[in-house]
Ligand code: ADP
Ligand code: TYD
């Protein structure tokens, strides 16, 4: 059986991940390519319960508990959703994965990259994306895109927090050029969608070689 392909999409809040995933999945359906879309937080029955705890602005979640909840969600999804789909040769697309935890909890919450990496080993046990699409927009563009939307617990953090998340993504992209492809997310939706399609198809067609 053909091998599956695991890819993730990352970026600060409002960078256009949901918008681009709608374009990508619509096109995959048209081309009859079987995929699993894994959204974190969320992505499974247990994940959706954890998502509610994490994102409700009324919940006073402390940073260490927050970190463990994101990983509890991921561990569940790896076992229940991601590994079976990859074993079945499918394309798995994760809307956020451990890079998000490195950026938000590791850097912006100052819990440290090494703690996040240790938990990643426990929760994911080697299940890694081979390709990560980093939708790059500046924090001020994100703030203006999201200014009229209702904000969840993480989105309600101040500008300094979101700037730290952005800094972390920039550093991750620089440190992992083989895996992370930076995509200029400040262009038009259609231009970005065309770029993403060609990158994903190139990797999909190469997956057995
Ligand atoms: P994310 O899932 O990364 O938080 P969304 O896809 O929800 O981001 O997009 C956040 C907001 O920005 C939405 O209002 C969306 O319509 C808008 N948006 C998405 N892509 C673009 C783009 N390329 N240019 C301008 N606005 C965009
Ligand atoms: P998400 O639903 O992807 O929000 P958005 O579509 O606005 O990007 O994610 C919800 C929030 O959770 C988002 O602010 C990023 C945050 N998050 C972390 O802090 N750590 C993590 O490990 C993940 C997966 C998400």
| remark: Among 179, 74, 136, the residue with the largest mean-square fluctuation in a Gaussian network model of the chain built from Cα contacts under 10 Å is 179
| said: Given contacts defined as C-alpha pairs under 8 Å and at least six residues apart, what's the relative contact order of the chain, whole-number percent? | reply: 33
| query | Where is the GNM fluctuation largest for the chain (alpha-carbon springs, 10 angstrom cutoff): 142, 100, 198? | reply | 198
| remark: Between the modelled labels at residue 195 and residue 62 (7 Å from Cα along Cα→Cβ) the distance in nm is 4.2
| request: Could you let me know the centre-to-centre spacing of segment 59-100 and segment 110-183, using Cα atoms, in angstrom? | output: 14
| query | Which shape class, rounded, prolate or oblate, goes with segment 53-209 when its Cα gyration tensor gives a ≥ b ≥ c as root eigenvalues, a/c under 1.5 marks rounded, and past that a/b bigger than b/c marks prolate? | reply | oblate
| request: Please find the FRET efficiency linking residue 188 to residue 157, where r is the Cβ-Cβ separation and R0 is fixed at 30 Å, and quote it to the nearest 0.05. | output: 0.60
| field | Contact order relative to length of segment 74-153, as percent, for alpha carbon pairs under 8 angstrom and 6 or more apart | value | 27
| field | For the chain, built as a Gaussian network whose Cα springs stay under 10 Å, the top-fluctuating residue of 31, 66, 140 | value | 31
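The numbers here are math on the coordinates, done by the rules we state, and not lab data. Remember, predicted model here, so these are calculated numbers, not experimental data. Counting neighbours? That spans all protein chains shown, and the Cβs are built from the backbone with ideal geometry, glycine included.
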